[in-house]
1. If you scan the range A:56-86, which residues turn out to be basic (Lys, Arg), in a loop (DSSP other than H, G, I, E, B) and either surrounded by 20 or more Cβ atoms within 10 Å (Cβ to Cβ) or without any contact (Cβ under 8 Å) to a residue 12 or more places away in the chain (or both)?
2. Let me confirm something: among B:GLY448, B:GLY438, which residue is in contact with a Ser or Thr (Cβ under 6 Å, 6 or more places away or on another chain), within 19 Å of B:MET527 (Cα to Cα) and facing chain A (nearest Cβ under 9 Å)?
3. Hey, any hits in the range A:132-144 for a residue that's in a loop (DSSP other than H, G, I, E, B), more than 8 Å from chain B (Cβ to nearest Cβ) and open to solvent by 10 Å² or more (accessible area, probe 1.4 Å)?
4. Across the range A:489-502, which residue is surrounded by the most Cβ atoms within 10 Å (Cβ to Cβ) among those that are in a strand (DSSP E or B) and under 33 Å from the mean Cα position of the chain (by Cα)?
5. Answer yes if at least one residue in the range A:403-419 is closer than 25 Å to A:LEU516 by Cβ and either more than 10 Å from chain B (Cβ to nearest Cβ) or under 20 Å from the mean Cα position of the chain (by Cα) (or both), and no otherwise.
6. When you look at A:LYS292, is it out of contact with any strand residue (DSSP E or B) (no Cβ under 6 Å at 6 or more places or on another chain), of a type outside the set (Asp, Glu), within 30 Å of B:ASN609 (Cα to Cα) and surrounded by fewer than 18 Cβ atoms within 10 Å (Cβ to Cβ), yes or no?
7. Need the failing condition index for B:SER9 against (1) more than 29 Å from the chain's Cα centre (by Cα); (2) in contact (Cβ under 8 Å) with a residue 12 or more places away in the chain; (3) open to solvent by 20 Å² or more (accessible area, probe 1.4 Å), just the number.
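The values are calculated or read from the model by the stated rules, or taken from the named source; none is laboratory data. Keep in mind it's a predicted model, so treat the numbers as computed, not measured. Cβ coordinates were reconstructed from backbone atoms using ideal geometry, including for glycine residues, and neighbour counts include every protein chain displayed. Note: accessible area is taken over every heavy atom of the protein model, side chains too, but ligands, DNA and RNA are not part of it. Shrake-Rupley method; radii C 1.70, N 1.55, O 1.52, S 1.80 Å.
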There are 2 protein chains.
Amino acid sequence: MNLKYNKFSESELKKIQTQANYARSAILKMTTLAKSGHPGGSMSSVDFLFVLYNLININPKKPEWENRDRVIISNGHISPAVYATLGLMDFFKLDDAISQFRLAGSIFEGHVEPDVPGVEWASGNLGQGLSAGCGFALACKQKKIENNIFVIMGDGEQQKGQLSEARRFAVKYHLNNITAFCDYNQLQICGDINEIMPQNVIENYVSDGWDVIEIDGHDFNEIQNAIFDAVHNDAPTLILANTVMGKGVSFMENQEKYHGAPLSEEELELALKELGLIDDLEKYKELRNNFKPSNLTQEDCSINYTDFDLNIGKPILYKEKTDNRSAWGNAVADLAIRNLKLVISNSFAVFDCDLQGSVKTTKFAEIAPDSFYECGIMEHHTATMAGAMSKNGIQVFFADFGVFGVDETYNQHRLNDINKTNLKVITTHVGLDVGEDGKTHQCIDYVGVMKNLYNFRIIIPADPNQTDRIIRYISRKYGNYLVSMGRSKLDIIKTKEGKIFFDENYKFNYGKADKLRDGNDAALFVMGTLTSKAVEIANKLAAENINLQVWNISCPLKINEKILKEAAETGSIFTYEDHNVNTGLGNCIADKMMEMGLSSKFYKFGVENYAVSGKSEVLFRYYKLDVESMIGRIKKKLR
Amino acid sequence: MNLKYNKFSESELKKIQTQANYARSAILKMTTLAKSGHPGGSMSSVDFLFVLYNLININPKKPEWENRDRVIISNGHISPAVYATLGLMDFFKLDDAISQFRLAGSIFEGHVEPDVPGVEWASGNLGQGLSAGCGFALACKQKKIENNIFVIMGDGEQQKGQLSEARRFAVKYHLNNITAFCDYNQLQICGDINEIMPQNVIENYVSDGWDVIEIDGHDFNEIQNAIFDAVHNDAPTLILANTVMGKGVSFMENQEKYHGAPLSEEELELALKELGLIDDLEKYKELRNNFKPSNLTQEDCSINYTDFDLNIGKPILYKEKTDNRSAWGNAVADLAIRNLKLVISNSFAVFDCDLQGSVKTTKFAEIAPDSFYECGIMEHHTATMAGAMSKNGIQVFFADFGVFGVDETYNQHRLNDINKTNLKVITTHVGLDVGEDGKTHQCIDYVGVMKNLYNFRIIIPADPNQTDRIIRYISRKYGNYLVSMGRSKLDIIKTKEGKIFFDENYKFNYGKADKLRDGNDAALFVMGTLTSKAVEIANKLAAENINLQVWNISCPLKINEKILKEAAETGSIFTYEDHNVNTGLGNCIADKMMEMGLSSKFYKFGVENYAVSGKSEVLFRYYKLDVESMIGRIKKKLR
C-alpha cells in the first residue's frame, strides 16, 4: 500500500481537491442525465472514496489481480461516486459512466454491479456489505494473501441487525484485514438519522470489540491517516467519517431530498459554476443519445466455468438404512481427506451455524479445522459471507437446517445469486420429516422458495448413496447449488431385483432423473425422503397388478422432457412429496407439462398446510402420505 | 401486579422451591417420554419462569383477558418449562402436557404454539421474540392498556442481529412496558457461548440504551426484585439471569448435551430420586399410549373472523394516469379520516421502513401520527413486530418495497403466518417496473415466494381504481394479505366502450377475476402493472381481427375454475407478467389447469432472468414484454 503516514503536501492536496471536485461534477452530471440516482451520499462519500482508491493496491489494468486490496460497497446507491472515482483512475472511460448511467444495456447500473471493473460485489439491499467484506477477508486470510479489505457503508444502514452479526464474526476470527467506513452524513431517505432511528453507532461497534476512528470525512489528511492507523491496527476498525450530504454544492448541503433525487439541468448549471467547472452537459447528452447497448438479450443463466480440479475419490456405498445428512457429512469429510493439501491450503470452506452435530459437519471440522468456520446463530451474516467468500475461487459449503439456510436467508441468497457466487448450500431437516420440532422447524418450501433464484440449482437426494454421489459431483462444480435432505434414516433404494440402485457405477449429472420402477398404469413422481416409500408403494401395487412407473426427480428445476412424455403416456400422473403441495415437485411438473402441451390425469400429493409436531412416521400417516394411505389414494384415483 | 419488593418469607420460599422442583420433574418426564426435546434450557429457566408467571397479572380462567400481562417465549424450545409452569398454574392439566408432549395431534408441540392456553406467540426460529414483544407492547400502549410485556430469551440467540433492531425500536418508542429475560446459562447447542461466538451481551444492550439488571437466575428473591425494578424502570430493561444448564440434577448441570437431548429412563429414575420425587413414569406412559388426537384432519387454512367494523367510505375514482402506490396512500389516508376516532384510539397502525415518500404513507402519518411508526432500515424487526401487534385486534399495515417487505422478511412472515396474524403487507416497487434501481431492487418473486405461506392471500391490483377498492376491502378483513404494486403511473383500465372499468360500482372480493375484453381466438391472463398493456394488445389485435379474451387476475392464488374453462375453450392461453416467469401468474395457472385436467396450448411470457437497470418502458422493450413485442410474440404462436 502506497501509504504515507504524514500530511499531504500542499501540491498533493491541491491535486486531490481538483480531482475530487471533478468527480463531484461527474456525479451530478450522470444523475441529472439519468433523471434519477443518489447524488447526496455520493457527494458526501467521494472524498474518502477518492483517497482510499488512490492509496490502495489495485490496478486498473488488472482489476482482478488476485493479491489486490478489495473495496466492498455496501451502500450500492452511491454508485455515481464509485463510477466517478474508478473512471478517474482509468478502470474504464469516465465519459462512458457519465453518459450511460442507468441506461438499459450499460454496465453502469443504478446500484453497483461487479460487471464494472473495480467493483467487487453487487449491492443495493443495505446491511449486507460488512458480511460480504468478512467473506472476502476470510478468503484472503485462508489463501494467505496479505492485503486489506475495505467496506464502505452508509449511516442509515447501520440500523440493520446483520451488521452486528458481521462485527462479532470479524472479532471472533480476528479479521484485522478489514477496515470499514461509515459515511456519517446523518441523513437517510426520510430525514435525520437521529430522528428516524436514534442509534449509538460508535458504542455499537465498541460493544462488539471493534476499534473506531472518528474523522472529518472531507479532510484528506485525516482520511489518509485514519486508513493508515486502521490497516495497522490489530482489531477490525471502523472509520466513522463525519461528512456532509451534498458536500461541495452549497444548496445541496445537508438537504435530505438529494439522497435520492438529481439536480435539474438549471440547478446543475449553478452547481458546476460553484465547482468552478464548465457545463459540458450537451456533450454527454449526445453520447447518451448515441449509446447502443452491447447486449440486447437476457443474461445467460448457465455459467460455464471449468470444473474444480479436485479428487472426488471413490463413492461410499451404503447398504443399511442411513440418513442422508450423515452421507453428506461422510462425503465432505472424505473429500477433505482425499484433498488434504488443497483443502487445508485454500480450496474448501465449510460454514456452520451452531448445528454441527445435526448437520453432520463435525468430521470435516476435525479433519480440516482451518477450513471450518463456526458462525453461531447468525444465519443472515453467514449466508452473505459464505457467498462472498465463494467468489474467490473457493468451494464454500454452508450447512444449516432448511428453515435457516433457506427461509431465513432467502434474500441473502438472492443477492449471492445476483453476484454469481459459487455457493453450495446444504440444508438438512427439510420436509415433514423434521418431525417433533414442529411447524416452525419444518422447512416445506425449500423448492418453492429457492426456485425463484435463476442461477441456483436444486438437488434433492433420494437416499444416502445418491447423496454421496451428489456431494462428490457438486464439489467439482462452479455455481450455486442447494442440496436438501430430511432428518431420518432412509431405506436404501434398490432395483426390482434387490440390487442397490445408486451403486458404484451410478453417475449423477444435474438434471438426471431415475426410473426406479417401470409400469404402464400410472406414473409416480417423487423426491427426497419419500422416495423409498414410493418404491414400496409400487412394489405393493404391483402385487395387485397395478404397475406404477416410479421416477425419482432429484432435480425438480430441470426435468427431462422425454420422461415426462413417457409418464404422460400412462394416462395418470401422481406427484408425491413432503413439501408444500402448491410449490414443490408437483408444481414444477405441472408447469413443465403445460408448457410442453402434455395432458394426462394429474394428482398432487403433498403437504397442504402447516403441520403439527410429532414423529415423522406418525406425521406421514396423519397427513395421508404414508405407504398405506397413498396406496388407497392412488387406487381411488385410478378407479 | 402482585409484586412485593421484599424477601419471600421462608415458608413462601419453601413452597416455590417445592413447586419449581416439581416443574423440573415434569420437564424431565415429558422429554424422556417423547424421547426428544430440550431439557437443559428448560431446567435453567424454570426458576425465573415460575416466579414470573406467578407474579404477573394473568388468569388461567381467562387466558385471553385483554388487560393481562403478556409473556413472549422467544426461545420456543424451552416449551417443557413453559408447559410445566402453566400446567402447575392450572392453565391446563399438567398431566396432559407431560403425557402428550410432542405427540401429533396434541397442542403440546415441540416448540411453543399459541394453541396452548397462556402461550402468546409461536416461536422456534430464534431471535424474533424481542420484536414480537415490541409488537405486543406497542399494541398495549396504543390501546392504553397499562400492563407489562415480558420476553424470555436464550443466550445463544443473542447472536441474532434482529435483536439489535428490536432494542433500538424499543428505545425510540419508549417501550418502558417491556422487560426481557436472558437465560444466561452460557451453553448453546455446540458448546460454550464464549467459544462458539464471543459476545458482550450486557454492553450490546447498554449501547442501544437499555438498562441491564444482572441476577442469580436461581435465587427467587433476586428474581422477584429484578422484576420489580424492571417494571418500574422507565427504560426497557434486560434481566440477565445467570443460570446453570440442567440446574437441579447434578449430572445434568453444565452439560451442553442436554440442550437438545432427553434423559434415558434409567437416568430419569436417578434424577427424580435426586429431586426427591417419586418415579411415576409408568402412569404417564399409559396416558401417552391412550392419547387420542382430537383432530385428525389438516388444519383449516381459512380463518373466518368477523369483519372489522370500519367505515370504508366511498371509492376515489381516478380518471387520469396514476400510480397504484399513490392510490394505496390516498385510500389509507381516506380511511384514517373517515375513522378518525377509531384510528387514533387503537384500531389501525401503519409501519414504515424509511421509505414514506416512496411507499406513500406520508399522508396517513400526518393524519394519524400516533398510529404511524417509522422503523428505520430494520425490516426484519418491523415485519415481526407488525405481525405480533396485529394479533391484538389491530389492523396493521406494513408498507415497504417488495425486496424488503417480501424477500428480506420472508421468514418473519412465515412465522407470522404460523401465528395466524392479521397483517396487511403492502409492497410497492415490484416487477421490472422498478426500473433504474436495477436487479437488487426489482422484486420479481413476490408471488413465487409468498405463495409458500398457506394463509397469506396475495392481491395484485391492475390500476389505481382497483387499488383503491382493494385497500378498502382488506381494511375490514381479518387475516394476512399481501398487496403488491409497481412504481409507475398506469393507464386507467377501461371497457371496450371507453368507460372506467373499476368504477364506483365495482365490488372487489378475494378471488375475483375480471374479464377486460372478450374474444375467442386466445385468452390472455395478466396481473398488475402490465394489465393496461394487455388491454392495448387486445385492442390492437382486434383491429387485425384477432380477438383475445383478456383476464385480469388480481388474486393469482385463487383462480376461478369457470374462467379457466372458458379460457381453455379458446384453445390458446397466454400469461403475461413482469414477474419471474417460473413462479408467478403463469405458474399458478399452469398448476391449476393441470389439476383440473384442462388442456390447451399454453405460453408464459415473463421475466426470464435478473434484469438490468433502465427505465421501465425501456426494460419492457428490452425483454420483449412491451405491447409491440407481445403482439408479435402472440401472433407468432397463433400462426
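1. A:LYS61, A:LYS62
2. One residue alone meets the criteria, B:GLY448.
3. The answer is yes, given that some residue of the range A:132-144 is in a loop (DSSP other than H, G, I, E, B), more than 8 Å from chain B (Cβ to nearest Cβ) and open to solvent by 10 Å² or more (accessible area, probe 1.4 Å).
4. Only one residue tops the list, namely A:LEU490.
5. No, that holds for no residue.
6. Criteria met by A:LYS292.
7. Unmet condition: (2).
Rundown of residues vs (1) under 19 Å from A:PRO198 (Cα atoms); (2) open to solvent by 10 Å² or more (accessible area, probe 1.4 Å); (3) touching a residue at least 40 places away in the same chain (Cβ under 8 Å), yes/no style:
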{"residue": "B:TYR373", "(1), (2), (3)": "yes, yes, yes"}
{"residue": "B:GLY376", "(1), (2), (3)": "yes, no, yes"}
{"residue": "B:LYS391", "(1), (2), (3)": "no, yes, yes"}
{"residue": "B:PHE398", "(1), (2), (3)": "no, no, yes"}
{"residue": "B:PHE401", "(1), (2), (3)": "no, yes, yes"}
{"residue": "B:GLN412", "(1), (2), (3)": "no, no, yes"}
{"residue": "B:ASP417", "(1), (2), (3)": "no, no, yes"}
